[in-house]
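Here's the structure, in structure tokens; my notes come after.
Where a number appears in this text, it was derived from the coordinates with a stated rule and is not lab data. All values reported here derive from a predicted model rather than from experimental measurement. So basically every Cβ, Gly included, is an ideal-geometry build from the backbone, and we count neighbours across all protein chains shown.
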Amino acid sequence: MASRNRALIERDLEVLWHPTTQMKDHEWLPLVPIRRGEGVWLYDLDGNRYLDAISSWWVNLFGHAHPQINQRIREQLDNLEHVLLAGFTHEPVVELSEQLVEITPVSLTRCFYTDNGSSAVEVALKMSYHYWHNRGQAEKRRFITLSGSYHGETLGTLGVGDVALYKETYKPLLMEAITVPSPDCFQREPGQSWEDHSRAMFVHMDQALAEHAGETAAVIVEPLVQCATGMRMYHPVYLQLLREACDRHGVHLIADEIAVGFGRTGSLFACEQAGICADFLCLSKGLTAGYLPLAVVLTTDQVYEAFYDDYATLRAFMHSHSYTGNPLACSAALATLELFREQDVIGRNRELAEHMGDAVAHLAEHPHVGEIRQTGMILAIEMMQDPANRVPYPFQERRGIRVYQHALSREALLRPLGNVVYFMPPYVINEDQIDHLARVAEEGIEHATR
Ligand SMILES: *Cc1c(COP(=O)(O)O)cnc(C)c1O
């Protein structure tokens with residue numbers, strides 16, 4: 001049978017090297033060529049469709065090919081595709097910055113743009129260190145991070161991350177962060193609440209700060225959900241304690257909301273649930289609703305002022321990327337923020353999140369489900385060999401891939417992280433589609449744990 005899918009796959013495998021992939025897997029695991037998208041659906045070249053339950057790696061917010069976002073990008077395209085942002089400026093980037101300053105906590109007043117999440121984290125790390133340097137405290141050059149954290153794939157961000165699969169090989173090349181045990185509530189004692197566990201785990205952070213504050217520039221965290229390590233979650237109280245402790249010790253707080261920002265956790269930004277404001281807020285992914293690469297670091301007047309001086313003092317932040325503040329990407333972001341203003345996105349998400357939770361609740365009784373956890377529009381199901389004795393499946397068994405394959409055969413794109421099956425869908429998903437995902441996930445887990 002002639003397959004347009006197969007023809008493209010063959011051409012692809014001659015010339016491409018895919019991200020985070022053992023390419024040999026594609027001897028038996030077919031690539032999925034996508035021709036077009038519409039709403040929650042992706043369509044391949046042979047006309048099959050897949051419900052994008054993971055928002056194409058957590059970036060998509062309002063579905064594929066959204067008319068309003070498309071239109072805004074088209075209009076911008078006819079005027080200006082790109083111009084450098086050093087010495088020059090343009091309306092989309094100014095308007096976007098005004099709006100971002102408006103919707104984030106009051107003390108965040110300055111926007112610095114990059115073109116992907118990793119480089120935004122790099123900027124936050126460099127800016128924090130440079131701030132202390134400009135203030136005559138260059139000895140503050142270390143960073144504190146949580147176990148299981150993920151902040152990107154560049155050498156700088158791998159240094160403050162802690163996902164072994166991505167980091168281990170490169171360790172000799174990386175700066176050494178101070179790693180503190182995560183408040184990850186999957187590790188809590190039976191019967192313990194998320195709040196109690198998160199609070200109890202703070203002693204480790206408190207100790208690290210007491211010991212290292214003098215040499216530490218910043219603590220970096222993913223607020224509420226550590227996504228890449230397997231959607232591990234914790235209680236907002238941890239962020240409150242962290243903010244207080246950072247202030248007490250004179251250390252910056254970097255909030256990496258690249259994955260959790262823009263409504264994923266049930267509030268526009270995750271930090272809102274703790275009522276705190278970071279010194280640096282990193283945003284990307286949902287910023288353009290999954291359309292174009294764009295990232296931003298928001299920071300405070302206090303940080304900005306430490307760089308503001310006569311040129312010859314050499315205090316300026318000398319960092320740039322070619323596509324910094326790209327007008328097309330900014331237009332996509334402006335259309336995204338417009339959708340948030342026009343619709344009660346957060347309110348609707350609350351309903352959808354509740355429906356998601358209900359749809360899979362019965363799976364908690366499954367003999368190979370260790371936990372179902374949820375924060376807003378992120379829901380995760382942890383498959384385990386022996387939940388009662390907390391025995392995980394060996395990673396070599398790759399059970400998640402069986403769920404992935406089963407889902408594709410049932411019109412769904414689920415892409416488990418190891419043994420963690422999760423939903424992180426576009427916000428335009430409806431209740432029936434959630435029910436379908438829940439059925440597919442159940443079948444897939446059944447299939448994978450047999
Ligand atoms: C995706 C992600 C990054 C990296 O962003 P890229 O655009 O992929 O470089 C950093 N931090 C978190 C929390 C992320 O989820």
Q.
Please list, in order along the range 434-450, the HN-Hα scalar couplings obtained from phi with the Karplus expression 6.51 cos²θ - 1.76 cosθ + 1.60 (θ = phi - 60°), rounded to whole Hz, x for Gly and Pro.
A. 4, 4, 4, 4, 5, 5, 5, 5, 4, 4, x, 5, 4, 5, 6, 9, 5
Q: Using +1 at the Cβ of each Lys and Arg and -1 at the Cβ of each Asp and Glu in the chain, identify which of 325, 97, 413 lies farthest towards the dipole's positive end.
A: 413
Q) Going by the alpha-carbon gyration tensor, a ≥ b ≥ c the square roots of its eigenvalues, is the chain rounded (a/c under 1.5) or, if a/c is not under 1.5, prolate (a/b greater than b/c) versus oblate? A) oblate
Q: Just need the relative contact order of the chain here, percent rounded to a whole number, with Cα pairs under 8 Å and 6+ apart.
A: 20 percent
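With a 10 Å radius around each residue's Cβ, average the other Cβ atoms per peptide and rank 418-425, 352-359, highest first.
418-425, 352-359
To the nearest 20 Debye, how big is the dipole of the range 70-342 about its Cα centre, given +1 on the beta carbon of each Lys and Arg and -1 on that of each Asp and Glu?
In total the dipole reaches around 420 debye.
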Q: Check each of the trypsin sites (Lys or Arg not before Pro) in the range 364-422 and keep only those in coil by DSSP with at most 13 other C-beta atoms within 10 angstrom; list them in order.
A: 390
Q: For residue 83, enumerate residues with amide H under 5 Å from its amide H, sequence gap 5+ or separate chain, H modeled in the peptide plane.
A: none
Q | Phi to ³J(HN,Hα) by Karplus 6.51 cos²θ - 1.76 cosθ + 1.60 over the range 330-342, Hz, x for Gly, Pro | A | 4, 5, 4, 5, 5, 5, 4, 5, 4, 4, 5, 6, 6
**Q.** Amide H contacts under 5 Å for residue 413, placed H, 5+ residues apart
**A.** 51, 52, 53
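Just to be sure I understand: of the beta bridges DSSP finds with both ends in the chain, what percent are antiparallel, rounded to 5?
Values: 32 of 48 bridges.
Among the beta bridges of the chain, antiparallel pairing accounts for roughly 65 percent.
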